[in-house]
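Written below as structure tokens is the structure these notes are about.
The values are calculated or read from the model by the stated rules, or taken from the named source; none is laboratory data. It should be emphasised that the depicted structure is a prediction, and the values quoted were computed from it without experimental measurement. Heads up, the Cβs are rebuilt from the backbone with ideal geometry, glycines too, and the neighbour counts pull from every protein chain shown. Side chains included, ligands, DNA and RNA excluded: accessible areas come from the protein's heavy atoms. Shrake-Rupley method; radii C 1.70, N 1.55, O 1.52, S 1.80 Å.
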Amino acid sequence: MAQEVRSQLVSRVSGLAWISNSRGRVLTVLGEQGPRLPGGPVRDRQSDVAAVLGHVSQDTGLSVTPVRLLGINWEELPGAEVSQSFVYLCRAVSPCALVCPPDTATRQSHPWAIGWLTLGEARQDMPPASLRVFEAMWRAWRDNTTTVLQHGRPALGAPEYQASSWPS
């Protein structure tokens with residue numbers, strides 16, 4: 001019984017980056033299930049922001065700085081786990097930095113393709129669940145708000161925050 005209760009409390013946390021360019025495109029990494037935002041899971045005793053910084057560097061070769069929280073997506077996974085993805089609006093530390101994946105020796109499993117997507121391109125290339133989150137983050141980015149989602153849809157009763165209401 002204690003083991004059962006413990007497994008229900010386990011959650012997965014990830015930190016993702018929303019990095020846009022001057023042409024209104026968002027940086028994505030081609031993963032096993034299609035394009036996704038750069039970032040990844042939080043490791044033991046790591047913050048979601050630290051996860052964003054480390055995974056973005058691994059995925060793209062960019063050093064970024066988080067500007068603000070763009071949104072949170074909560075999902076219930078099989079086995080009663082809960083996944084939380086924190087998406088941060090980020091800027092490249094060097095505005096003229098080139099995006100390039102690290103060399104093959106430092107990559108873990110397989111090479112990633114990196115690309116810049118518009119919302120229309122994302123609608124063609126992303127699986128439905130990922131697309132719902134991408135579209136919601138796109139709206140929050142465009143409207144300068146922060147969104148709270150559950151399974152990629154607006155969380156029932158969750159307020160939408162103006163970005164200026166978040167502390168710097």
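Using a probe of 1.4 Å, the accessible surface attributed to Met126 totals some 20 Å² when neighbouring protein chains are kept in position. Taking label points 7 Å from Cα along the Cα-to-Cβ direction, Ala50 and Leu30 give a separation of 3.3 nm.
For the residues Arg45, Arg123, Arg132, a 1.4 Å probe over the protein chains yields an accessible-area ranking, largest first, of Arg45, Arg123, Arg132. Close amide H partners of Thr147, meaning residues 5 or more places away or on another chain with modelled amide H under 5 Å apart, are Gly71, Ile72.
Need the full-extension length gain, Trp116 to Val13, defined as separation in residues times 0.36 nm minus the C-alpha distance. One decimal, nm.
Stretched out fully, the Trp116 to Val13 stretch lengthens by 34.6 nm.
Our coupling estimate for the stretch 137-154, obtained by passing each phi through the Karplus curve with A = 6.51, B = -1.76, C = 1.60 and θ = phi - 60°, is 5, 4, 4, 4, 5, 5, 8, 6, 10, 10, 10, 10, 10, 10, 6, x, 10, x Hz, Gly and Pro reported as x. Taking Phe86, Phe134 and ordering them by how much accessible surface each has at a 1.4 Å probe, largest first, produces Phe86, Phe134.
Could you calculate the contour length gain from Ser20 to Gln124, that is, 0.36 nm times the residue separation minus the distance between their Cα atoms, to one decimal place in nm?
Extending this stretch completely gives an extra 35.6 nm.
Summarising the amide proton neighbourhood of Val42: residues at separation of 5 or more, or on other chains, whose placed amide H is nearer than 5 Å comprise Val13, Ser14, Gly15. The figure for Arg142 is an accessible area of roughly 150 square angstrom, using a 1.4 Å probe on the protein chains alone. Potential lengthening of the chain between Ser94 and Arg153 amounts to 17.9 nm, from the contour at 0.36 nm per residue minus the alpha-carbon distance. Label-to-label distance, Val82 versus Arg43, with points set 7 angstrom from Cα along the beta-carbon direction: 2.6 nm.
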